[in-house]
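Please read the structure below before turning to the comments.
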Amino acid sequence: MKRFSIIIIILFFVGCLSSQNKTSSTLPANEEKAKEAYAEYCSGCHGEQMEAFVDRNWKHGKDLNSIIRSIKYGSPDFGMPAYDSVISDEVTATMADMLVKYIKEVDAYNPAPRPTSNIFVFDGIRVRLDTIATELNSPWGFAQLPDGNYLITDRAGQLYQVDHNRNKMLIKNTPAALSEGQGGLLDLKLHPNFSENGWVYISYSKYRMDGNVKMTTTAIVRGKIKNGEFTDAQEIFEANPYTSTKHHYGSKIMFDDKGYIFFSVGERGRENEFPQSTQNDNGKIHRLHDDGRIPEDNPFVQDGKSKGSIWSYGHRNPQGLIFDKGTGIIWETEHGPRGGDELNIIRKGANYGWPVICYCINYDGKPITSISKKEGMEQPEIYWTPSIAPCGMTMITGDRYPQWKGNIMVGSLRYKYLNRCEMKGNKVVKQEKLFSNLGRMRNAEMGNDGYLYIAVESPGRVFKVVPVE
């Protein structure tokens with residue numbers, strides 16, 4: 001893999017250099033090389049059709065020199081890798097010039113056409129998409145209330161209550177989330193006994209100032225919604241240590257059938273520091289009582305050194321977490337960098353290997369590790385290469401979708417579809433792409449009405465999936 005990657009990089013940039021002194025009449029050829037460069041190095045994070053560049057909001061300067069610096073040195077706190085160790089200054093300048101032309105030109109953004117109908121036919125089933133909510137930025141968390149209305153978090157920092165006429169009511173006094181990088185107001189779950197106690201659980205990117213630096217972490221808070229306000233707030237978890245990075249928060253929440261709350265915390269971009277140690281909270285799946293107390297039977301609670309809330313470790317950035325009531329299995333998805341996205345069964349006290357083992361390479365083409373298996377470390381049930389950027393997921397239950405019952409649905413941010421994993425026992429036996437090009441698929445949830453709901457970005461909308469004859 002290492003030798004192959006180096007050869008590809010050399011061949012690609014030799015081609016770039018050979019054309020940098022040609023006249024503007026060769027622009028189409030250069031533009032094509034820029035597209036190839038973008039697909040190779042950038043699309044995994046910024047989207048196949050440059051979704052992150054749609055608003056032309058250049059965080060670090062939009063002039064050529066600023067973009068050269070961004071490519072060369074990256075922005076580690078926001079997850080942008082540096083390419084100075086694999087790409088020469090001369091080649092960086094050439095690639096940056098092409099990318100600037102490619103990204104900044106009005107006609108450069110040319111996404112695949114969105115669906116023109118709300119009726120979709122898949123393998124053995126026909127469904128309709130009903131729009132539930134619109135005019136959102138990045139709809140992250142979703143829950144259906146007992147009265148049939150919805151709660152939706154927007155990563156930009158808002159919590160909305162939405163009725164069946166798409167009317168959104170902003171819920172006031174939610175946690176002060178830092179909406180930078182991948183942070184903001186994130187996942188949302190109702191307590192299993194919500195009808196009796198009213199508890200709503202939210203994950204968010206908490207921050208504090210250390211001089212002029214914003215230090216961030218993943219936090220879990222619970223509260224109640226009364227008269228349009230988030231009240232009685234109780235923070236039940238705060239991951240430590242804080243970091244200056246603004247990505248890999250994890251943040252997915254679930255409850256099991258015994259009432260324990262599980263949630264994910266990403267390794268915050270510090271893969272060599274956090275995920276393989278049980279003496280910090282990052283790169284872990286955690287388990288608590290619903291009020292934040294640490295269960296006495298957690299795997300590391302008695303050793304005197306580890307964090308007692310840890311259930312499993314060795315994770316990168318888990319953004320899918322569900323409980324299968326039929327089997328008692330916890331399913332999880334997590335992002336790899338370039339390739340190596342994983343679907344895992346989460347087991348008590350298990351080590352999932354990151355970054356000691358993986359099926360991926362780094363964003364800059366360098367190998368992360370030379371091994372993909374090691375004794376004492378778990379293997380994924382499946383992995384995706386190239387990376388699909390898996391986000392929210394759910395399992396189809398009930399009788400509204402008999403063809404899909406028991407299937408796991410995984411949102412793809414990168415390729416903008418819902419990935420259907422057909423299950424036989426605990427094995428994935430088939431995969432199907434649903435709702436292609438609808439948008440960056442941020443979340444998938446089952447409502448308490450038995451319907452599947454999906455949330456997309458660019459623009460932010462939430463849909464109800466309704467079977468039709």
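Just so you know, all these numbers are worked out from the coordinates, no wet-lab data involved. Treat the numbers as computed from the prediction; the structure is a model and nothing was measured. Cβ placement follows ideal geometry from the backbone for every residue including glycine, while neighbour counts extend to all protein chains displayed.
Points worth noting:
- Extension gain, L170 to K405, is 81.2 nm, computed as 0.36 nm per intervening residue step minus the present C-alpha separation.
- Sequence-ordered 3J(HN,Hα) estimates for segment 72-77 from the Karplus curve with 6.51, -1.76 and 1.60 and θ = phi - 60° stand at 6, 9, x, 9, x, 5 Hz, glycine and proline given as x.
- Our coupling estimate for segment 464-469, obtained by passing each phi through the Karplus curve with A = 6.51, B = -1.76, C = 1.60 and θ = phi - 60°, is 9, 9, 10, x, 10, 7 Hz, Gly and Pro reported as x.
- Remark: segment 343-360, residue by residue, has Karplus-estimated 3J(HN,Hα) of 10, 10, 9, 8, 10, 4, x, 7, 9, 9, x, 5, x, 5, 10, 5, 10, 8 Hz, where x stands for each Gly or Pro and the curve is 6.51 cos²θ - 1.76 cosθ + 1.60 at θ = phi - 60°.
- Farthest toward the positive end of the dipole of segment 214-335, out of T231, T327, T216, is the Cα of T216, where the dipole comes from beta carbon charges about the Cα centre.
- Local charge for E432 was computed over the other residues whose Cβ lies under 11 Å away, with Lys and Arg +1 and Asp and Glu -1, and equals +1.
- Above-threshold pairs, the threshold being 20 Å between Cα atoms, out of K325/K405; K325/K433; K189/K433; K284/K405; K252/K348; K258/K427: K325/K433; K189/K433; K284/K405; K258/K427
- The simple Förster model, with R0 at 56 Å and r as the Cβ-Cβ distance, assigns H289 and S370 a FRET efficiency of 0.85.
- Label-to-label distance, V213 versus I125, with points set 7 angstrom from Cα along the beta-carbon direction: 4.8 nm.
- Rough spin-label spacing in nm, given labels placed 7 Å along Cα→Cβ, for E196 and T134: 4.1 nm
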